[in-house]
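Colleague: Below: one structure in structure tokens.
The values are calculated or read from the model by the stated rules, or taken from the named source; none is laboratory data. Here the structure is a predicted model, which means the values were calculated and not measured. Every residue, glycine among them, receives a Cβ derived from its backbone with ideal geometry; neighbour counts consider all protein chains shown. When the accessible area is computed, the model is the full protein with side chains, heavy atoms only, and any ligands, DNA or RNA have been set aside. Shrake-Rupley method; radii C 1.70, N 1.55, O 1.52, S 1.80 Å.
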Amino acid sequence: MFAIAIDGPAGAGKSSVAKAAAKALGFTYVDTGALYRTITLYMLENGVELKDPAAVAAALPGLKVSLEYGDQGQRTLLNGRDVSEAIRTEEVSIATSRWVAHVPAVRAFLLDLQRELAARSNVVMDGRDIGTVILPGAQLKVFLTASAEERARRRTLQLEQAGESADFARVLDEVERRDRQDAPQLEQLPPDGVTLDTTGLSFDQVVQRLTGMAQERMDRKTEGEEG
Ligand code: DC
């Protein structure tokens, strides 16, 4: 199996880049943020006190998260129910970032599932601790980043394109707040990782660099196995 780990801060374009690279390479794209979001949704639906890590940990045995892959890409299931859309609300985003993703029991709960996915097929897996904790043996580990200003610029543009009001200064404020909340301690570059700073690069350029690096390493792996 060949695994590509993509870590980095929110808004660096991890999921769209990872998705496009997976498509180009014929790999499965695994969005691990969806797993954390699903746990948050379950806690919210069941009235669990999110600020209490012990209460969150105690509720974990009541839930099963699974991922399915088909024509629509990844679908996320919570106790068999498709929650792929329900986990995208602002409420879930904020609670995941602020509380749930920080609970060690939650991270431990999701560890095996993520490793099993990578054992089953070639993956491009995006998250925060994929290269360091989940798949330390990944053949390619990329830390995808961009300056806070660049991420705020992209987000502002997205909002404008969606017809929503967007004030750059406010968006930048939100990006910086999210960075502080999102466990920056997790976002470390493993010693054998590569940083890809996308500031000033187009989406296609980023995808090309990533697939180029992956191709190079796959060729090397094949040569190593043959030789
Ligand atoms: O990438 P995302 O916005 O869907 O992630 C949702 C939240 O989960 C975000 O607060 C970061 C957290 N997360 C994490 O801690 N570890 C991961 N591997 C993926 C996401």
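Colleague: For segment 120-158, give me the residue count where each residue is touching a helix residue (DSSP H, G or I) at 6+ places or on another chain (Cβ under 8 Å) and away from the ligand (no atom under 15 Å from the Cβ).
Modeller: Of the residues in that region, 8 qualify.
Colleague: Out of (1) under 30 Å from Ala138 (Cβ atoms); (2) within 13 Å of the ligand (Cβ to nearest atom), the odd one out for Glu91 is which?
Modeller: (1)
Colleague: Based on what the data block shows, is Gly26 surrounded by fewer than 20 Cβ atoms within 10 Å (Cβ to Cβ), out of contact with any Pro (no Cβ under 8 Å at 6 or more places or on another chain), on the phi > 0 side of the Ramachandran plot and not aromatic (Phe, Trp, Tyr)? Outline the logic, then answer.
Modeller: Numbers: surrounded by fewer than 20 Cβ atoms within 10 Å (Cβ to Cβ): yes; out of contact with any Pro (no Cβ under 8 Å at 6 or more places or on another chain): yes; on the phi > 0 side of the Ramachandran plot: yes; not aromatic (Phe, Trp, Tyr): yes.
It is true that Gly26 is surrounded by fewer than 20 Cβ atoms within 10 Å (Cβ to Cβ), out of contact with any Pro (no Cβ under 8 Å at 6 or more places or on another chain), on the phi > 0 side of the Ramachandran plot and not aromatic (Phe, Trp, Tyr).
Colleague: Here's a follow-up. Just name the residue that is modelled with the lowest pLDDT out of those in segment 118-128 that are of a type outside the set (Gly, Ala, Ser) and surrounded by 22 or more Cβ atoms within 10 Å (Cβ to Cβ).
Modeller: Initial filter on segment 118-128 (of a type outside the set (Gly, Ala, Ser)): 120, 122-126, 128.
Then keep just the ones that are surrounded by 22 or more Cβ atoms within 10 Å (Cβ to Cβ); that gives 123-126, 128.
Working: Val123: 98, Val124: 98, Met125: 98, Asp126: 96, Arg128: 93.
So, considering only residues that are of a type outside the set (Gly, Ala, Ser) and surrounded by 22 or more Cβ atoms within 10 Å (Cβ to Cβ), the one modelled with the lowest pLDDT is Arg128.
Colleague: Right, here's the next one. If the requirement is being buried (at least 16 other Cβ atoms within 10 Å of the Cβ), of a type in the set (A, V, I, L, M), touching a Leu at 6+ places or on another chain (Cβ under 7 Å) and more than 23 Å from Ala3 (Cα to Cα), which of these qualifies: Leu63, Leu67, Leu35?
Modeller: Selected residue: Leu63, the only one of Leu63, Leu67, Leu35 that is buried (at least 16 other Cβ atoms within 10 Å of the Cβ), of a type in the set (A, V, I, L, M), touching a Leu at 6+ places or on another chain (Cβ under 7 Å) and more than 23 Å from Ala3 (Cα to Cα).
Colleague: Also, I was wondering about something else. Please pick out the residue among Val106, Val142 that is outside any helix (DSSP H, G or I) and at pLDDT 95 or above.
Modeller: Values: Val106 fails: outside any helix (DSSP H, G or I).
Unique residue meeting the criteria: Val142.
Colleague: A further question on this structure: Of all residues in segment 94-115, count the ones that are open to solvent by 90 Å² or more (accessible area, probe 1.4 Å) and more than 10 Å from the ligand (Cβ to nearest atom).
Modeller: We begin by selecting, within segment 94-115, every residue open to solvent by 90 Å² or more (accessible area, probe 1.4 Å); these are 98, 104, 112, 115.
Next cut, more than 10 Å from the ligand (Cβ to nearest atom) only: 104, 112, 115.
Of the residues in that region, 3 qualify.
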